[in-house]
Every structure is written in structure tokens, then in C-alpha cells.
Amino acid sequence: MVERRELLARIRRALSRSRVVALIGPRQCGKTTLARQIVAADSLNYFDLEDPSSLARISDPMTALSPLRGVVVIDEVQRRPDLFPILRVLADRRPLRARFLILGSASPNLLRQSSESLAGRLETLRVSGFRLPELGAKALPRHWERGGFPRSFLARSNDDSRTWRRSFIETFLERDLPQLGITVPAPALFRFWTMLAHYHGQVWKATDPARSLGVSEPTVRRYLDLLTTLFMVRQLRPWHENLGKRQVKSPKIYLRDSGILHSLLGIRSEKELLGHPKSGASWEGYAIEEVLAAVQPEEAYFWATHQGAELDLLLLKNGKRLGIEIKRTDAPAITPSMRIAIKDLRLERLVVLYPGAIRFPLADKIEAMPLRELAEGFSVKGGP
């Protein structure tokens, strides 16, 4: 079992200061396992709304929840949106008798209802699959290939991992989306998702997917926003600033879990991954997710100009700007884009992440850093 001590500590800190805490993330990312380390699954304070006995116990929510003390867990809360007004009433009691930890797969309705009903009472924590610091540096190759979903990463063999991921994709499209009230034909969304895998790491253009699928550009935009809301896709926004240069203004598209990306690309082994045309883009997306999880920036962008200058990540935190370049090479070197980015974006530092083993300076304010060092956290002299 992978211990997620830091994430558990974050949840406990949130429960100590907030009346209602929501763990939001994709299905199968480990939310339930985390919650059961805080409240035992057989406790009267634990409600799993996929369990008929829990549904029966909470048929009269006010009667069921009012007497409880301590932390109360409600798993799969999106199945009972009528609970949100009741949670507001219970969270406003004085003295406060219970705090609520609610778990749900992200959906537009869930996010809207929780924010409206529990405004000022709710703290939201977004949960993903395993991150590199939870696994250790030695797990990096396996983590990149299989992704972070626990059952994919922990599978006994690569075949078992691939089988689980194929099943996850099928279940997500055919069962999970309808349960969330989302009515998009599964075959159409699967084709679109597969198409996005081939666009991974590229600037978004709706024209080609719309033409290939035979639908309108607003429709493919809706598909993209849906997969983004459900944590399957990241839309990395471009940085705009009046620099006297024409800048790219469309987002870059990344599939957030590398294992799901590899399944949609039909990659079956590490050898196939390393030789695949999307290998570099996969590595870039994997590194971006790990950096964002480690740094927790206030804002994150990419930067590109029509003259060819670009930066993979621009992170804003504590009033400082940190640049990140990602290179899948054993000998990263300075590029003209890096020097332009340092000057034009007024970066405190620029870090070049690469798959090697040694950290070393490349120039003033620019250093090369092994990606595996993220397993120990993210520490950059002069950075955020």
C-alpha cells in the first residue's frame, strides 16, 4: 500500500478549519481509501451512497445526520444533490457538532450545487492519482508508463495494468458519465478522446477535430470542456502580456494521466513508449503534472510567440515568476528561447527538467534539474 501522508495531513488540516471539506477528483483516484483512513468504513459516521444500506440509513437525511459527532464522511455525494442544503444547515449549528468530509467525482452540477449551497462553509481539495513524491524516485519509469491511478500503477503486471486502464475508459464513458447526468454518446466521446491523445502537447485548434467527427466547432469545444471538468484533460492557458510580440492565444492540450494517454495511443510496453512519436510529448505532459503538484502555483501558463520563442511552463507564486523547460535529453543546453524568456518574462529563475541524475547550472538564472528530484519536493534557489 502506498502511504499518502502529506495528502492525509492536508485533509486533516482542512477539517480542522472548515466545516465542510470536499475531496473532488476522478473516480478510482484514491478518494475513498483516503477517507477510510480518517473514518472507518463500518462506522455509523460513514455513508457510501453506492451502498444500498447507506442509502437506506440516509433516506431521512436530517434525522440520520443531526445526532452524529466528529467527522462524517459522505462518499459519492453527487448521487444525492439534495443533501447540500441540509449540510448547510448542519454546518451552521452552534456549537458545531460535526464536520463533513464529502467525496465526489467532479461534475458541472456537483461543483455548481456545492458552491451555491455551501458558500463560505466549504473547502475543496482536488485529488489525483499517485504523485512521484508518494512513490519515490525509483518508481519514475513505471509511474510514467502506467500513470497514477492506484489500480493501474499497483497492478501485478503490465498486462494487468493495461487491462485495468481499458476497463476504466470503457466504464467512464458508458456508466460514469450517464450517472453524472452527462448525455454525450459514448462512441463519439471515445473518438474525440482518442483524437486528443494525438494532439497531446499541442496548441488547440477545433477545426480538425470538428471536421473529423462531423460535428460543429462548439460541439467539440463542449467535449473538451467536459473532459477538462472531469480531470481527464488539462487546458494549459497561454500567457498574454504586451511584449511587442504576437503571442499564441489558444490553450495547449494535455491528457492528465500518462497511463490513460498511453492506452489511447495503443502503447503496450516501455519499449513502444520510448520509440513512439508522442514519447517526447508524453514526457512533457507527465513532467508538467508533477511540477504543478509539487509547486502548487497560484497561476500556471505556457508562453509562445509567433516568432518561435516559447516556454513550457510559466509559474506565478508569491509574487515571483519561475520558468520551466522540459527536455527529454541527457545533455540539456541553453536555447535562444530560454534567454528570450528570462528577459521578456522577467523570470526569477528558469529550470530545465531532464531525465538525468545531476543538477548543474547552465547560465545565470538557468539550471538543469533531474525530474526525479521532484520525488523529494521542489526546491529552486531564488524560485517560488
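Overview of results
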{"read-out": "Unique match (being crowded, with 20+ Cβ neighbours inside 10 Å, within 24 Å of Gly275 (Cβ to Cβ), in the same structural domain as Pro355 (by TED's automatic domain parsing) and at pLDDT 85 or above) among Ser157, Ser161", "value": "Ser161"}
{"read-out": "Listing of helices (runs of 4 or more DSSP H) fully contained in segment 39-145 that carry 1 or more residues being closer than 30 Å to Ser269 by Cβ", "value": "132-135"}
{"read-out": "Contacts under 9 angstrom Cβ, first residue in segment 347-367 being in the same structural domain as Lys327 (by TED's automatic domain parsing) and free of Cβ contacts under 8 Å to residues at least 12 places away in the same chain, partner surrounded by fewer than 13 Cβ atoms within 10 Å (Cβ to Cβ) and of a type in the set (Asp, Glu), 6 or more apart", "value": "none"}
{"read-out": "Enumeration of residues in segment 318-366 that are farther than 25 Å from Glu376 by Cα and of a type in the set (S, T, N, Q)", "value": "Thr335, Ser337"}
{"read-out": "Condition broken by Thr171, with the remaining ones in (1) touching a Gly at 6+ places or on another chain (Cβ under 8 Å); (2) under 19 Å from Thr32 (Cα atoms) satisfied", "value": "(1)"}
{"read-out": "Subset of segment 22-34 [modelled with pLDDT of 95 or more and among the β-branched types (Val, Ile, Thr)]", "value": "Thr32, Thr33"}
{"read-out": "Any hit, segment 119-127, residues being basic (Lys, Arg) and without any contact (Cβ under 8 Å) to a residue 40 or more places away in the chain", "value": "no"}
{"read-out": "Tabulated pairs, segment 271-293, first touching a residue at least 24 places away in the same chain (Cβ under 8 Å) and at negative phi, second among the small types (Gly, Ala, Ser) and assigned to a helix (DSSP H, G or I), C-beta under 8 angstrom, 6+ apart or interchain", "value": "Leu273/Ser279; Leu273/Ser282; Lys278/Ala197; Ser282/Ser258; Gly285/Ser258; Tyr286/Ser258; Glu289/Ser258"}
{"read-out": "Selection count, segment 20-38, where residues are charged (D, E, K, R) and in a loop (DSSP other than H, G, I, E, B)", "value": "2"}
{"read-out": "Criterion: surrounded by fewer than 17 Cβ atoms within 10 Å (Cβ to Cβ), in the same structural domain as Thr163 (by TED's automatic domain parsing) and of a type in the set (Gly, Ala, Ser) - qualifying residue of Gly285, Gly308", "value": "Gly308"}
{"read-out": "One residue from Asp92, Asp82 being free of Cβ contacts under 8 Å to residues at least 24 places away in the same chain and surrounded by fewer than 19 Cβ atoms within 10 Å (Cβ to Cβ)", "value": "Asp82"}
{"read-out": "Matching residues in segment 197-222 - criterion: being touching a Leu at 6+ places or on another chain (Cβ under 7 Å) and farther than 26 Å from Trp283 by Cβ", "value": "Val220"}
{"read-out": "When residues of segment 170-190 are limited to those that are surrounded by 15 or more Cβ atoms within 10 Å (Cβ to Cβ) and farther than 23 Å from Glu76 by Cβ, the one modelled with the highest pLDDT", "value": "Phe190"}
{"read-out": "Which numbered condition Ser167 fails, given (1) at pLDDT 95 or above; (2) touching a Ser or Thr at 6+ places or on another chain (Cβ under 9 Å); (3) polar (S, T, N, Q)", "value": "(2)"}
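The values are calculated or read from the model by the stated rules, or taken from the named source; none is laboratory data. Here the structure is a predicted model, which means the values were calculated and not measured. Positions of Cβ are generated from backbone atoms using ideal geometry, with glycine treated the same way; all protein chains shown enter the neighbour counts.
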